[in-house]
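Have a look at the structure below, then the notes.
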Amino acid sequence: MKTIQQIRSGLGNPAYCKINNEPYMPLVIEEIGIGPNGHKAISVAHYYEQNGDLVADPEMCFEEWDGKLWPYYFRACTGYEQEVYFTDEQGRKMMRPTVKRELQQFAAMWNRNIREQGFVEASKGNEVAA
């Protein structure tokens, strides 16, 4: 998600930013702690309002390391979720390689869409919090 990294970098790498870019749903990027491999975790989501509640659709979580964002979680507003990592019955951390590939492919497509929709340009002058 080079576009997300470019947006964050241009804003000084804030812990939170919300980018309004009509007619598209706002894009929210926020640090959410530590991911499953011990690296900084970042949530990226589009939000809309439904019955007075904010709904993320979709939301992806990434770990930031080696200068890249690596997806590990996906959720759609329908309740559909995918997780790359899980703990088996013996307590071992396991990986789902097919899910990892699928999330990487979706992230690449979403990255292009976010760029083409003008979110990089729209990020200048948007809401930022440390």
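Would you mind telling me which numbered condition in (1) surrounded by fewer than 19 Cβ atoms within 10 Å (Cβ to Cβ); (2) of a type in the set (Lys, Arg); (3) outside any strand (DSSP E or B) Lys18 fails?
(3)
This table checks each residue for (1) open to solvent by less than 50 Å² (accessible area, probe 1.4 Å); (2) under 15 Å from Pro26 (Cβ atoms).
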position	(1), (2)
Cys61	yes, no
Arg75	no, no
Gln82	yes, no
Phe86	no, no
Gln90	no, no
Gln105	no, no
Ala122	yes, yes
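Between a residue in segment 112-130 that is over 10 Å from Leu11 (Cβ atoms) and among the polar types (S, T, N, Q) and any residue that is modelled with pLDDT of 60 or more and open to solvent by 30 Å² or more (accessible area, probe 1.4 Å), which pairs come within a Cβ distance under 7 Å, given they are 6 or more apart or on different chains?
That search, which allows pairs on different chains as well, returns Gln117/Tyr24.
Ile42 - would you say it is at negative phi, touching a residue at least 12 places away in the same chain (Cβ under 8 Å), in contact with a helix residue (DSSP H, G or I) (Cβ under 9 Å, 6 or more places away or on another chain) and in a strand (DSSP E or B)?
Judged against the criteria, Ile42 is a match.
Considering each of Gln6, Gln50 in turn, give the residue that is open to solvent by 30 Å² or more (accessible area, probe 1.4 Å), over 22 Å from Gln117 (Cα atoms) and more than 12 Å from the chain's Cα centre (by Cα).
Residue meeting the stated conditions: Gln50.
Applying the selection to segment 64-84, what residues are in a strand (DSSP E or B) and touching a Pro at 6+ places or on another chain (Cβ under 7 Å)?
Listed by number, the residues that qualify are Tyr72, Phe74, Arg75.
The values are calculated or read from the model by the stated rules, or taken from the named source; none is laboratory data. These numbers come from a predicted model, not from an experiment. Cβ atoms come from the backbone with ideal geometry, glycine included; neighbour counts cover every protein chain shown. Remember, those area values only see protein heavy atoms, side chains included, never the ligands or the DNA or RNA. Shrake-Rupley method; radii C 1.70, N 1.55, O 1.52, S 1.80 Å.
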